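Each remark here refers to the structure printed beneath this line.
The values are calculated or read from the model by the stated rules, or taken from the named source; none is laboratory data. Just so it is clear, the structure is predicted and the values come from calculations on it, not from any experiment. Positions of Cβ are backbone-derived with ideal geometry, glycine not excepted, and every protein chain shown enters the neighbour counts.
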Amino acid sequence: MKYLVMVQGTHADYEAMRGKASEGSPAWSEQELQAMYAYMGAIGDDLSESGELVDAQGLTDPALARQVARGPDGKAVITDGPYSETKELMAGYWVVDCASLERVTEIAERVTGCPGPEGQTGRPVVIRPIQDGAGDI
């Protein structure tokens, strides 16, 4: 079965990776960023070697996001990010094809071990099965 493994973060986390600290999101050094990229890259390499990797991407700063919604008048309302009402957002993802929920949970547990600056608040990793057909809701 295919699963979406979503790495959660906050706008403050993106700011911290640029060197601007806040409560729960200490500033990252260049060495810490490289360690994080190497760690996540190793997970991707291992999943590729095992044949479980379908796709994996990190997402850009939420300030570059755009939200499109339908307003009460039926017309599109377009808002550029970041969105102050959004506490957590998807920072990156893997699409994996795994034999079981237990296996994808092992992968998510590994992701939560990603290195970062001391004092960083851990962010959750969310697993969602991907629908195979119309009847899987």
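So here's what we get for this one:
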{"read-out": "Checklist (1) modelled with pLDDT of 95 or more; (2) loosely packed, with under 14 Cβ neighbours inside 10 Å applied to LYS87, failing item", "value": "(1)"}
{"read-out": "Search result, residues across the stretch 99-129 that are in a helix (DSSP H, G or I) and under 12 Å from ILE43 (Cβ atoms)", "value": "GLU106, ILE107, ALA108, GLU109, ARG110, VAL111"}
{"read-out": "Hits in the stretch 54-70 (condition: of a type in the set (A, V, I, L, M), outside any loop (DSSP other than H, G, I, E, B) and farther than 14 Å from GLU15 by Cα)", "value": "VAL54, ALA56, VAL68, ALA69"}
{"read-out": "Top-ranked residue of the stretch 18-42 - restricted to ones that are touching a helix residue (DSSP H, G or I) at 6+ places or on another chain (Cβ under 6 Å) and buried (at least 18 other Cβ atoms within 10 Å of the Cβ), ranked as farthest from THR121 (Cα to Cα)", "value": "TRP28"}
